[in-house]
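In what follows, a structure is listed as structure tokens, so that the remarks can point back to it.
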Amino acid sequence: MSREEILNNIRRGVKRNTADDTARQTVLNRLSAKADNLIPARAQLPQQEQIALFIEMANEAAAEIIELDSISEVPSASAKWLRDRGIFELVTSSTAKVDALDWSPLAEKDIQRSQRVAQAGDFASLTDSFAGIAETGTLMLHSSPQSPTTLNFLPDNHLVILSRSAIVGVYEEAWKKIRAQFGATLPRTVNMITGPSRSADIEQRLQMGAHGPKTLVIFLIND
Amino acid sequence: MQINTPFFKQRASEALHDENLQKALGNLKAGFPEKRAIAVSRMPEFEDLRDQARDLKNHIIEHLDLYLEQFESKVTENGGHVHWARTSDDANKIILDICKQVNAKTVTKGKSMVSEETGLNDYLEKNGIQPVETDLGEYILQLREDHPSHIIAPAIHLNLEDVSEAFHKNHNRPKSDDPAVLMQEAREVLREKFVAADVGITGANFCVAETGSTIIITNEGNGDLTQTLPKTHIVITSIEKVVPTLEDMTLFQRLLARSATGQEFTVYNTLSSGPRREGDQDGPENFHVVLVDNGRSEMVGSEFQDMLRCIRCSACMNHCPVYGAVGGHSYGWVYPGPMGSVLTPKMIGIEKGGMLPNASTFCGKCESVCPVRIPLPKLMRHWRQDEFSKHLQPKAARYGLAGWAFLAKRPALYKTYTRMANWFMKHWAGKKGRIEKMPLAGGWTDWRDMPAPQGKTFMQAWKEQQKNGGSH
Ligand code: SF4
């Protein structure tokens with residue numbers, strides 16, 4: 001059996017047999033401690049400065065940031081953004097936060113909203129996010145029945161809601177937040193997204209919009 | 001993939017004559033090293049992160065069996081399946097079986113060097129399943145029936161014209177030489193493939209034991225579409241990719257993008273933890289992880305153990321003068337550059353891969369940029385010794401070294417010989433002081449002139465210095 005051969009080879013290599021309890025204990029300790037490794041100083045800042053850093057880094061990664069005073073402005077801001085680009089459809093997730101909004105500004109501009117998984121050919125999607133990570137301007141999203149993963153990847157444009165209060169400094173804080181909500185079992189997928197899709201596979205020249213969204217818009221909510 | 005490694009010398013020499021390749025390699029040299037240097041300068045803790053990453057990898061390797069068992073039980077708990085593959089053949093068979101079980105006709109693929117290692121594409125095709133590469137670079141290569149020449153920039157050996165030609169031939173569209181138009185074309189063509197595929201195959205950069213997750217780190221988003229749209233997601237990866245916790249994964253995440261492309265962070269870092277959950281509207285219904293060994297478990301406890309730390313960032317090849325001059329295809333198999341020179345002989349055998357550890361100037365640049373501090377020059381030297389002791393080196397090299405050893409053990413003779421040789425080379429070079437041709441040194445002098453030794457031999461200089469009181 002491959003499995004036993006591989007494991008036995010490794011044990012032979014490290015000169016240890018299966019029954020070695022000290023090694024097992026070392027491993028269990030590390031797994032349960034979930035200790036931080038070195039965390040760079042860059043994002044260990046007061047929250048206001050973390051938000052400023054998030055904006056700076058997300059901009060650097062070519063995300064577009066639109067600051068809004070309240071989440072209730074998301075439908076009209078979306079309507080404007082889509083209309084300016086001649087887009088008349090929006091697929092949204094159906095999380096409680098998104099569903100609670102008054103979406104009539106879309107209809108007023110003849111933009112149709114649907115709630116479903118994404119399909120090839122969709123122009124734009126809108127989803128909520130779980131966290132923003134200041135250190136590199138990274139969004140964290142996760143799958144759920146209300147927020148299908150295809151919405152994050154298939155449409156040409158991805159609009160994302162992020163509350164200022166959901167911004168943390170470093171990745172480690174985001175993992176702690178995920179564990180606090182989901183315990184030992186992660187959602188099926190966790191997406192860390194830093195800017196829109198890109199490729200430099202042709203002559204090392206960077207082109208935006210490879211297979212994922214060509215633009216990433218972050219509605220940053222002042223809450 | 002066919003093994004062309006024994007022909008390294010010939011292929012390298014052809015590569016140096018290939019104008020198009022030389023132009024393409026220029027893009028590499030101008031790009032990655034400079035971007036890495038900037039990213040590193042923006043992260044003052046970078047050297048400390050490298051130390052920690054080295055130590056953590058060493059800890060993982062010392063406990064690799066235990067972390068793999070933990071990973072397996074967590075994947076199973078999440079509703080996925082783990083398969084163990086001792087060899088490339090085993091891995092390919094496992095994947096074919098899964099494809100057959102779900103009646104797969106087409107398969108989309110995200111970028112995976114392990115699948116190159118096992119020759120998965122050829123194997124699936126021979127068995128009636130059409131794999132479609134979806135990473136832009138890999139897709140271009142598939143159209144051209146070509147192979148990657150770099151582990152993260154697979155089509156780095158091609159120029160715009162090559163891509164434009166390949167797309168024109170295959171896409172039935174007007175020819176374009178605008179990279180943006182070409183990328184849009186690939187985007188449109190591949191969208192249909194993503195949606196139609198029965199199985200999606202991706203690699204994994206890391207496997208997290210704590211949560212039973214695999215992670216892919218990409219800029220294009222093709223890997224995400226590959227693993228989200230089809231009913232079945234197969235991850236093909238290798239046993240050394242396991243890390244204990246999310247925090248531990250993060251240590252490597254901070255190093256990987258900066259060392260590879262010089263980005264602060266790669267666009268998509270995506271964790272997959274099993275098949276779709278109750279109520280989920282998308283995502284795969286089946287989740288499989290194939291853990292490939294292919295010689296790795298035998299490296300544990302051997303003089304090559306340090307190589308298992310490799311996180312496949314490509315910094316060593318991006319900074320290697322030999323890689324930069326001859327390109328990845330000269331190495332003749334899947335892994336090029338310094339990391340390839342160490343891994344390839346292990347994977348295809350020293351008899352076929354033994355030439356590679358000699359493809360080095362031992363300048364040490366690779367080790368100086370490796371995020372997990374692998375002593376690559378030292379490991380290449382191990383292979384050279386191995387190769388020499390197995391009498392596998394070509395005659396000229398063997399006799400050269402044997403002759404040198406003979407002389408080195410006889411100081412008087414050595415002195416006379418080097419003084420004579422010195423005199424001889426100086427006169428051979430003539431007034432320019434450059435030797436353009438010398439018997440048995442074609443591999444060197446075809447590409448650069450060898451500076452003729454000037455003045456005294458080391459021994460003469462040493463003696464004089466000693467006489468003058470040993471000061472400098
Ligand atoms: S050997 Fe080091 S530098 Fe080279 S690919 Fe591996 S991790 Fe990167």
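The values are calculated or read from the model by the stated rules, or taken from the named source; none is laboratory data. Computed from a predicted structure; not experimentally measured. Because the Cβ atoms are built from the backbone with ideal geometry, glycine has one as well, and the counts that use them run over all protein chains shown.
One table, with the values for the structure above:
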| item | result |
| --- | --- |
| Test for residue B:224: is it charged (D, E, K, R) and at the interface with chain A (Cβ under 10 Å from one of its Cβ atoms) | yes |
| In region A:157-181, the residues that are part of a loop (DSSP other than H, G, I, E, B) and of a type in the set (Gly, Ala, Ser) | A:169 |
| Verdict on residue B:342 being within 13 Å of the ligand (Cβ to nearest atom), among the β-branched types (Val, Ile, Thr) and surrounded by 22 or more Cβ atoms within 10 Å (Cβ to Cβ) | yes |
| Number of positions in region A:172-182 that are basic (Lys, Arg) and either within 7 Å of chain B (Cβ to nearest Cβ) or under 14 Å from the mean Cα position of the chain (by Cα) (or both) | 1 |
| Near pairs, Cβ below 6 angstrom, 6+ apart or cross-chain, from region B:377-399 (closer than 16 Å to residue B:302 by Cβ) to any residue that is modelled with pLDDT of 60 or more and loosely packed, with under 15 Cβ neighbours inside 10 Å | B:382/B:303 |
| Single condition residue A:169 does not satisfy, out of (1) more than 23 Å from residue A:92 (Cα to Cα); (2) within 11 Å of chain B (Cβ to nearest Cβ) | (2) |
| Residues of region B:134-153 classified as within 11 Å of chain A (Cβ to nearest Cβ) and in contact with a strand residue (DSSP E or B) (Cβ under 9 Å, 6 or more places away or on another chain), total | 8 |
| Number of positions in region B:358-375 that are within 14 Å of the ligand (Cβ to nearest atom) and assigned to a helix (DSSP H, G or I) | 5 |
| Among the candidates A:57, A:1, residue that is modelled with pLDDT under 95 and not charged (D, E, K, R) | A:1 |
| Which numbered condition residue B:1 fails, given (1) modelled with pLDDT under 95; (2) more than 9 Å from chain A (Cβ to nearest Cβ); (3) part of a helix (DSSP H, G or I) | (3) |
| Criterion: surrounded by fewer than 24 Cβ atoms within 10 Å (Cβ to Cβ) and β-branched (Val, Ile, Thr) - qualifying residue of B:267, B:300, B:290 | B:300 |
| Unique residue being in contact with a helix residue (DSSP H, G or I) (Cβ under 6 Å, 6 or more places away or on another chain), closer than 30 Å to residue B:157 by Cβ, at pLDDT below 95 and in a helix (DSSP H, G or I) when the list is B:24, B:15, B:91 | B:15 |
| Residue count, region B:57-84 (criterion: of a type in the set (A, V, I, L, M, F, W, C) and either surrounded by fewer than 22 Cβ atoms within 10 Å (Cβ to Cβ) or within 8 Å of chain A (Cβ to nearest Cβ) (or both)) | 6 |
| Residues satisfying the stated conditions in region B:297-333, i.e. more than 13 Å from the ligand (Cβ to nearest atom) and in a loop (DSSP other than H, G, I, E, B) | B:300, B:301, B:302, B:303, B:327, B:332, B:333 |
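Residues are listed down the side, and each one gets a yes or a no for (1) more than 15 Å from the chain's Cα centre (by Cα); (2) assigned to a helix (DSSP H, G or I); (3) surrounded by fewer than 20 Cβ atoms within 10 Å (Cβ to Cβ):
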site	(1), (2), (3)
A:120	yes, no, yes
A:155	yes, no, no
A:184	yes, no, yes
A:195	no, no, no
A:220	no, no, no
